[in-house]
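*Asks:* So that we are looking at the same thing, I have put the structure below in structure tokens.
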Amino acid sequence: MKTFGKARDDGAQIGREALIALGGNQSSVAGGPADTVMKSLKILENMAVQVVAVSPLYSTHAYPPGSGPNFVNTTARIRFGGEADQILAILHAVEGELGRERTNRWGPRTVDLDLIAMGDTVLPDAKTQALWRKLAFDQQSVRAPNELILPHPRLQDRAFVLVPLADIAPDWRHPLIGKTVREMLNDLPEADKKGVWPME
């Protein structure tokens with residue numbers, strides 16, 4: 001499974017490629033947070049999802065500060081023969097299998113699997129995506145969309161997504177912002193980037 005930074009060559013490619021972010025800071029039936037994150041990728045492969053590449057594991061502080069143990073974060077490129085909403089349903093099923101309970105937004109969790117992007121797909125439309133992307137910070141913790149938004153509206157703000165994503169998809173370009181992963185990462189404050197460090 002450790003395809004860190006490199007694409008696997010398993011022969012025929014299936015479906016469309018998507019980018020996902022994975023993280024957690026609580027133990028599960030699979031073990032500690034790092035074991036749980038890696039187990040989620042193995043479960044995905046048993047659900048008709050092809051894992052193409054996986055970034056190294058990173059540590060990040062819990063948010064808000066003091067709210068829990070550090071997180072383990074990684075990202076992956078996957079391929080799947082269905083649509084974005086079907087991928088999302090699979091990601092939620094994997095979370096459920098590993099004990100994720102959606103009770104507290106931005107709270108501790110066993111594992112969190114986010115669909116970040118699917119090629120240059122914009123869902124549900126550019127106007128709605130922009131509305132959620134530009135949502136005021138004080139609203140982000142209390143408001144959540146009731147439909148799938150692609151690309152993920154917080155992608156460009158999150159070092160814990162962009163740092164590992166730069167390992168496996170640095171040239172993926174946001175279809176609305178027009179910037180690559182590498183460029184979005186470079187735009188972040190240095191303090192944000194230093195808050196994401198490789199696990200030993």
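*Asks:* Does the range 136-158 hold any residues that are closer than 20 Å to GLY178 by Cβ and among the aliphatic types (A, V, I, L, M), and which are they?
*Replies:* Taking the range 136-158 as the starting set, the residues that turn out to be closer than 20 Å to GLY178 by Cβ are 149-158.
Result: ILE149, LEU150, LEU155.
*Asks:* Inside the range 18-115, counting only strands (runs of 3 or more DSSP E) that do not spill past its ends, which hold 2 or more residues that are among the hydroxyl-bearing types (Ser, Thr, Tyr)?
*Replies:* 58-60, 71-80
*Asks:* Output the residues belonging to the range 174-192 that are surrounded by 15 or more Cβ atoms within 10 Å (Cβ to Cβ) and not in a loop (DSSP other than H, G, I, E, B).
*Replies:* Listed by number, the residues that qualify are THR180, VAL181, ARG182, GLU183, MET184, LEU185, ASP192.
*Asks:* Taking the range 123-151 on its own, how many of its residues are within 19 Å of the chain's Cα centre (by Cα), of a type in the set (A, V, I, L, M, F, W, C) and at pLDDT below 90?
*Replies:* Number of matching residues: 1.
*Asks:* Return the pairs, sorted by first residue and then second, in which the second residue is among the basic types (Lys, Arg), the first residue lies in the range 65-84 and is touching a residue at least 12 places away in the same chain (Cβ under 8 Å), the beta carbons are less than 7 Å apart, and the residues are 6+ apart or on different chains.
*Replies:* ARG79/ARG16; PHE80/ARG16
*Asks:* While we're looking at this one, here's another question. Taking the criterion of being crowded, with 17+ Cβ neighbours inside 10 Å and among the acidic types (Asp, Glu), would at least one residue in the range 88-95 satisfy it?
*Replies:* Within the range 88-95, the subset crowded, with 17+ Cβ neighbours inside 10 Å is 88, 90-91, 94-95.
Narrowing the set further to residues that are among the acidic types (Asp, Glu) leaves 95.
There is at least one residue in the range 88-95 that is crowded, with 17+ Cβ neighbours inside 10 Å and among the acidic types (Asp, Glu).
*Asks:* If you scan the range 116-140, which residues turn out to be in contact (Cβ under 8 Å) with a residue 12 or more places away in the chain and either in a loop (DSSP other than H, G, I, E, B) or among the charged types (D, E, K, R) (or both)?
*Replies:* Going through the range 116-140, the residues in contact (Cβ under 8 Å) with a residue 12 or more places away in the chain turn out to be 116-124, 126, 128-130, 132-133, 135, 140.
Once the filter is applied, which keeps residues that are in contact (Cβ under 8 Å) with a residue 12 or more places away in the chain and either in a loop (DSSP other than H, G, I, E, B) or among the charged types (D, E, K, R) (or both), the range 116-140 yields MET118, GLY119, ASP120, THR121, VAL122, PRO124, ARG133, LEU135.
*Asks:* Then there's this: Working only within the range 141-161, note down all residues that are buried (at least 18 other Cβ atoms within 10 Å of the Cβ), in contact with a strand residue (DSSP E or B) (Cβ under 7 Å, 6 or more places away or on another chain) and part of a loop (DSSP other than H, G, I, E, B). Spell out how you get there, then give the answer.
*Replies:* As a first pass, look at the range 141-161 and keep what is buried (at least 18 other Cβ atoms within 10 Å of the Cβ): 149-153, 155-156, 158-161.
Imposing the further condition that a residue be in contact with a strand residue (DSSP E or B) (Cβ under 7 Å, 6 or more places away or on another chain) reduces the set to 149-152, 155, 159-161.
Passing the criteria: ILE149, PRO151, HIS152.
*Asks:* To continue, here is another question. Quick one: would you say ASP114 is open to solvent by 70 Å² or more (accessible area, probe 1.4 Å) and in contact with a helix residue (DSSP H, G or I) (Cβ under 8 Å, 6 or more places away or on another chain)? Don't jump to the end; show me each part of the working.
*Replies:* Working: open to solvent by 70 Å² or more (accessible area, probe 1.4 Å): no; in contact with a helix residue (DSSP H, G or I) (Cβ under 8 Å, 6 or more places away or on another chain): yes.
No, not satisfied.
*Asks:* So, in the range 43-83, how many residues would count as being open to solvent by 50 Å² or more (accessible area, probe 1.4 Å) and farther than 24 Å from LEU148 by Cα?
*Replies:* 6
The values are calculated or read from the model by the stated rules, or taken from the named source; none is laboratory data. All values derive from a computational prediction rather than experimental measurement. Here the Cβ is made from the backbone with ideal geometry for all residues, glycine too, and neighbour counts use every protein chain on show. When the accessible area is computed, the model is the full protein with side chains, heavy atoms only, and any ligands, DNA or RNA have been set aside. Shrake-Rupley method; radii C 1.70, N 1.55, O 1.52, S 1.80 Å.
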